[in-house]
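What follows is a set of notes on a single structure, which appears directly below.
The numbers here are math on the coordinates, done by the rules we state, and not lab data. Fair warning: this is a prediction, and the values are worked out from it, not measured in the lab. No Cβ is skipped: glycine too gets one built from the backbone with ideal geometry, and neighbour counts run over all protein chains shown.
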Amino acid sequence: MASFLLINPSSGDGGADELAAAARERGIAVHVLERGDDVAGLAHEADAASLAMAGGDGSLAPVAEVAIERGLPFGCIPFGTRNHFARDLGVDGDDPLAALDALVNGEERLIDVGWANERLFLNNVSLGVYAQLVHRREHHRRRSDAFARLRALAIMATHREPLDLTVDGEPVEARVVLVSNNAYTLEVFSIGERERLDEGSLHLYAPTGMLRTDWEERRGEQFTIDARGSGLRAAVDGEPAELETPIKFRVEARALRVLVPPGPNA
């Protein structure tokens with residue numbers, strides 16, 4: 001059986017036809033997504049030895065979840081704008097054609113996945129100001145809005161009140177809370193990369209201090225985040241979502257069989 005590759009043509013800067021042709025040359029079965037397609041359904045029905053997704057970070061999790069359910073390896077073909085998961089996996093985010101080789105003669109790794117209630121995530125889930133920016137971006141995604149960036153900056157400038165959240169029953173005073181699948185390196189105003197994807201733990205980050213240049217960090221296999229309302233806006237792997245509260249976060253260690261391109265000695 002061949003690998004089955006789904007391609008999200010709306011990700012990145014185009015080139016879906018070229019990618020599909022290169023995949024077929026390698027004997028990979030390909031489906032280029034169209035509006036209204038059921039991504040998880042297509043992955044469930046595919047007669048394949050492995051499942052793969054070509055798209056940005058927000059496109060990957062539904063196919064990865066089906067791969068776990070079916071006990072199949074999963075391939076990540078970087079085809080988005082940032083490709084954070086591919087970067088942390090060690091896949092060249094600038095060369096999706098070379099990443100196709102992982103589906104032919106790649107090496108298999110076992111990595112962790114995170115869950116927010118019943119939603120799988122590969123990178124992280126953000127709550128607070130960043131999540132509001134993601135939701136606003138989605139609102140303006142299909143129209144040319146010259147003021148969208150200014151509106152985003154206005155949100156950052158005006159929303160100074162901390163989130164009214166608790167983590168495992170303890171109040172947290174922060175405008176942003178981020179829960180990640182494995183640890184990120186911390187930078188002054190942002191998070192960096194992950195050195196490992198198989199440590200078997202979640203990490204919770206919240207910026208602290210007057211200028212929000214420091215980070216409070218917690219590590220655990222699970223966290224429960226609650227709020228006064230019945231739900232919270234979130235960004236799940238960079239995509240907008242509404243999560244019902246309380247949000248129960250957990251890590252599923254080494255649950256995903258992921259394919260990476262062969263090493264130099266393979």
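List of remarks:
- Here the residues S230, S10, S180, ranked from fewest to most Cβ neighbours within 10 Å of their Cβ, fall in the order S230, S10, S180.
- Applying the Karplus relation 6.51 cos²θ - 1.76 cosθ + 1.60 with θ = phi - 60° to segment 227-241 yields 3J(HN,Hα) values of 8, 5, x, 8, x, 9, 6, 9, 10, 9, 6, x, 10, x, 8 Hz, where x marks Gly and Pro.
- Fewest-first ordering of D17, D95 by other beta carbons within 10 Å of each residue's beta carbon gives D17, D95.
- Cα-projected label distance for A253 with T81, points at 7 Å along beta-carbon direction, nm: 3.6 nm
- From least to most packed, judged by other beta carbons within 10 angstrom and beginning with the fewest, T185, T208 follow the order T185, T208.
- For segment 3-105, the C-alpha radius of gyration sits at 0.94 times the compact-globule guess of 2.2 N^0.38 Å, with N the residue count.
- Seen through its C-alpha gyration tensor, with square-root eigenvalues sorted a ≥ b ≥ c, segment 199-257 comes out oblate because a/c lies at 1.5 or above while a/b is not bigger than b/c.
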